[in-house]
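Here the structure comes first, spelled out in structure tokens, and everything after it is commentary.
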Amino acid sequence: MFLFPCVARADANAEARFYFERGNSALARAMRAQGPARHRGVQEAVADYLQSLRIVRSKNTVYNLAICYEELESFDDAYEYFAEYLRSDINDAERAEATRHVDLVRPRVALVEVATSPPGATLHVDRRDLAPRGTAPVTIAVPAGPHRLFLDLVGHAPMEHEVTAVVGQLARVRVAMTALQATVTLEVAGGAAQVFVDSAPAGTTPITLHLAPGPHELRLRRVGSEELRERITVAPGEERALRLAMTTPPMPGGVAVRSNVPAAEVRVDGVSWGAQSTSPRGVVPGRHTVDVSAPGYRPATITIDVEEGRSVLVRAHLVLLDPPTRHGGWPVATGIGAGAALLVGAVTGLTAVKRQDDLDEIRLGLGDGPDQAALDQAREAAEDTAGEIDTLNTVADVFFAGSLVLGVLTGVILATGGDRGPLESNATVSAGGESVAVVR
């Protein structure tokens with residue numbers, strides 16, 4: 001059974017060759033005859049060649065048929081078959097011979113050259129129900145006079161054009177084919193959405209779009225959904241149905257910042273929010289870094305996790321770069337006073353020691369001299385010196401006691417006045433009113 005197609009082709013070729021050879025015989029006899037016999041012989045050859053072409057389209061049959069029509073002075077048909085022969089696979093010598101015949105026929109025919117943009121349109125002349133005359137770009141021979149050209153191209157609107165053909169002239173026809181718009185039916189799951197085509201509003205879904213052939217960008221917008229962008233390329237006359245789905249973005253979270261310094265600046269993820277905000281501002285759920293700062297204060301930084309649909313409150317406590325003590329300069333004054341009193345007491349005490357040495361020398365000299373007056377004078381000097389020593393010791397004790405009092409007072413002041421609070425600023429994160437983290 002696999003031989004049947006081969007046999008069929010062989011039979012067709014044999015039948016086509018039969019008519020081709022019979023046409024050659026008729027043409028040869030006609031070329032030797034004259035008058036009506038010559039004319040009848042050429043017509044017989046034309047009939048056989050046409051029958052052969054109906055079976056197998058051979059370039060040799062096409063050429064011989066063109067020669068017959070030239071002999072019969074049917075120059076329109078002759079030109080058509082010579083033109084077809086020139087489009088076939090022939091060598092240079094065959095092309096030169098066919099071109100010579102075309103040059104002889106051309107002055108005797110009316111030619112119409114048809115080109116379309118884009119190329120490829122099928123051409124019918126005068127009636128659409130007749131066989132097509134070719135595919136543009138093409139040059140055809142037509143009877144002289146007015147003609148209507150019908151052009152059809154897939155994906156484009158049918159076109160008509162009128163032309164008047166003149167023998168010996170070439171009429172050029174250029175037709176721009178109008179591409180059919182593509183039809184796109186668009187639906188979106190989850191409710192209606194606004195539709196923009198190439199940034200121009202087109203309506204709301206569901207919608208039927210009529211688009212020019214080529215690429216387009218569709219944008220869909222709906223409250224509560226992320227914008228959807230879809231790029232499509234449509235062909236002329238194409239019909240397409242699109243059903244798209246728009247994603248719903250996560251609910252935003254919120255961040256509010258409160259600080260003990262009203263003029264504090266707030267930055268979230270490096271972006272300035274300006275002053276503190278007691279009302280939450282929307283942020284994308286996830287991890288964020290909050291910085292709170294103010295001139296003259298130590299900044300506070302904290303990393304927070306914001307959940308979808310929940311707000312986080314950041315409480316920042318900023319401290320001064322150099323905070324003052326509670327008692328101002330008193331610790332310094334009392335400390336200096338304690339030191340000065342200690343120094344005076346020490347000097348006074350040393351003076352008392354020196355005078356004690358003098359008193360000891362005076363007392364040693366009381367037993368050496370027999371002179372009563374001198375002895376009385378020495379005793380008086382000893383008594384004066386002893387009094388002076390007692391005074392110096394008293395003064396020294398007073399200053400030592402004052403130094404001790406001032407020293408204790410300085411310690412008390414430092415102990416009670418040096419509490420300056422935390423040395424670093426801190427921030428506390430609260431969620432739902434409950435503190436969940438403290439960062440220093």
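Read-outs throughout are calculated quantities, based only on the coordinates presented, and are distinct from any laboratory measurement. Note that this is a predicted model, so its numbers are computed, not measured. Here the Cβ positions follow ideal geometry from the backbone for every residue, glycine too, while neighbour counts run over all protein chains shown.
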(request) Rounded to the nearest 500, what is the 222 nm mean residue ellipticity of the chain from helices alone, with -39500 (n - 2.57) per DSSP H run of 4+ residues and division by all residues? (result) -13500 deg cm²/dmol
(request) Towards the positive end of the charge dipole of the chain, with charges on Cβ (+1 Lys, Arg; -1 Asp, Glu), say which of Pro119, Ala340, Val319 has the farthest Cα. (result) Pro119
(message) Need one number: the % of Cα-Cα pairs in the chain sitting beyond the 28 Å mark.
(response) 78 percent
(request) Towards the positive end of the charge dipole of region 182-245, with charges on Cβ (+1 Lys, Arg; -1 Asp, Glu), say which of Thr204, Ser225, Leu244 has the farthest Cα. (result) Ser225
(message) Quick check: the angle from helix 372-417's long axis to the longest principal axis of the chain, C-alpha only, nearest 10 degrees?
(response) 20 degrees
(request) Enter the angle in degrees (range 0 to 90, nearest 10) between the Cα long axis of helix 92-105 and the first principal axis of the Cα atoms of the chain, meaning the one along which they spread out most. (result) 70 degrees
(request) Quickly work out the Glu226-to-Val166 label distance, labels modelled 7 Å from Cα along the C-beta direction, and quote it in nm with one decimal. (result) 6.9 nm
(message) Using 0.36 nm times the number of residues separating Gln377 and Lys59, minus their current alpha carbon distance, what extension gain do you get?
(response) 97.4 nm
(message) Given a Förster distance of 22 Å, report the FRET efficiency between Arg363 and Asp384 from their Cβ-Cβ distance, rounded to the nearest 0.05.
(response) 0.95
(message) Between Asn13 and Ala144, what is the label-point separation in nm under the 7 Å Cα-to-beta-carbon projection?
(response) 4.6 nm
(request) Quick one: compute the contact order of the chain, relative version, from alpha carbon pairs under 8 angstrom and 6+ residues apart, as a percent. (result) 8 percent
(request) Mind pulling up the Rg/Rh value for region 25-166? Radius of gyration and Kirkwood radius, both on Cα. (result) 1.01
(message) Rounded to the nearest 20 debye, what is the charge dipole size of region 221-277 about its Cα centre when +1 sits on each Lys and Arg Cβ and -1 on each Asp and Glu Cβ?
(response) 100 debye
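Set the Förster distance to 45 Å, then compute FRET efficiency between Thr351 and Leu321 from the Cβ-Cβ distance, nearest 0.05.
The value I calculate is 0.40.
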(message) Testing the spin-label approximation: label points 7 Å from Cα along Cα→Cβ at Glu308 and Ala47. State their distance in nm.
(response) 8.7 nm
(request) On a 0 to 90° scale, report how tilted helix 330-364 is relative to the longest principal axis of the chain, with both axes built from alpha carbons and the result rounded to the nearest 10. (result) 30 degrees
(request) Give, as a single signed number, the net charge of other residues whose beta carbon lies under 10 Å from the beta carbon of Arg22, with Lys and Arg counted +1 and Asp and Glu -1. (result) -2
(request) Mind ranking 45-58, 210-223 by how tightly packed they are, going by the mean number of other C-beta atoms within 10 angstrom, highest first? (result) 45-58, 210-223
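Where the only charges are on Cβ atoms (+1 Lys, Arg; -1 Asp, Glu), what is the dipole of the chain about its Cα centre, to the nearest 20 debye?
Value, rounded to 20: 3860 debye.
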